[in-house]
Amino acid sequence: MSDVAPSGQPAATATIDAEKARKKLTFFKVMAFIVGIGLLILCAEMVLHYGFDNEALDWWPQPHGFIFIVYVLATVLLGFEVRWPLSKTVLVVLAGCVPFLSFWVERKISREVETTLHA
C-alpha cells in the first residue's frame, strides 16, 4: 500500500475534511481556554479551602469536573478528525490537568493543525 494519495500529499492528510477539522479545532480552543481558567479557579479553591478554611468556592470542583469531561471530548474529536495517534491525544488531554499548560498546548496545537490544514 502507498502512503501517498493521488494528489501527492500523504494519505492521512488527504482524507481530512478541512471545514470539519476547523470546527472541531474551534471547539477545542474554546474548551482548552475554559479548562485553563477553570483549573486556576480550582487551584484557588484548594488554597482557600485547605490554607484558610474558607468555603467560598467549595461549589466549584463539580462543575470543573464536568467542564474537563467536555474538554476531553473536544480533544478526542479533534484528534480523530486530524488523525492523531492515541499517545498524542492522551498527552493533549493530560495538558488540561496542569495549571497554565492548557494555554500553551492550545496555542501549539492550533498552529500545528492550521499548518496541516493549509498544506
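Quick notes on this structure:
- The chain: angle of helix 86-95 to the longest principal axis, Cα-based, in degrees nearest 10: 30 degrees
- Label-zone membership for region 82-99, site Leu117, 7 angstrom Cα→C-beta point, backbone N under 11 Å: 82
- Available extension along the chain between Val70 and Lys108 is 11.7 nm, counting 0.36 nm per residue and deducting the alpha carbon span.
- Considering only chymotrypsin sites (Phe, Trp or Tyr not before Pro) in DSSP loops that have at most 14 other Cβ atoms within 10 Å, the longest stretch of the chain without any of them is 1-58.
- Cα lying deepest toward the dipole's positive end in the chain, options Ile67, Ala44, Ala56, charges on Cβ: Ile67
- A Förster radius of 30 Å combined with the Cβ-Cβ distance from Arg83 to Ile37 puts the calculated FRET efficiency at roughly 0.55.
- Excluding same-chain neighbours fewer than eight residues apart, the aspartates and glutamates reachable from Lys29 by a Cα-Cα span under 16 Å are Glu19, Glu81, Glu106, Glu112, Glu114.
- Low-density loop cleavage sites - GluC sites (Glu not before Pro) in region 17-119, where at most 13 other Cβ are within 10 Å (DSSP): Glu55
- Tilt relative to the chain, helix 101-118 - C-alpha long axis, 0 to 90 degrees, to 10: 20 degrees
- From its DSSP helices (H runs of at least four residues, each -39,500 (n - 2.57)), the chain gives a residue-normalised ellipticity at 222 nm of -23000 deg cm²/dmol.
- Per-selection Kirkwood Rh - the chain (Cα, Å, 1 d.p.): 15.7 Å
Just so you know, all these numbers are worked out from the coordinates, no wet-lab data involved. Treat the numbers as computed from the prediction; the structure is a model and nothing was measured. Methodologically, a virtual Cβ is constructed for each residue, glycine included, from the backbone with ideal geometry; neighbour enumeration extends over all protein chains shown.
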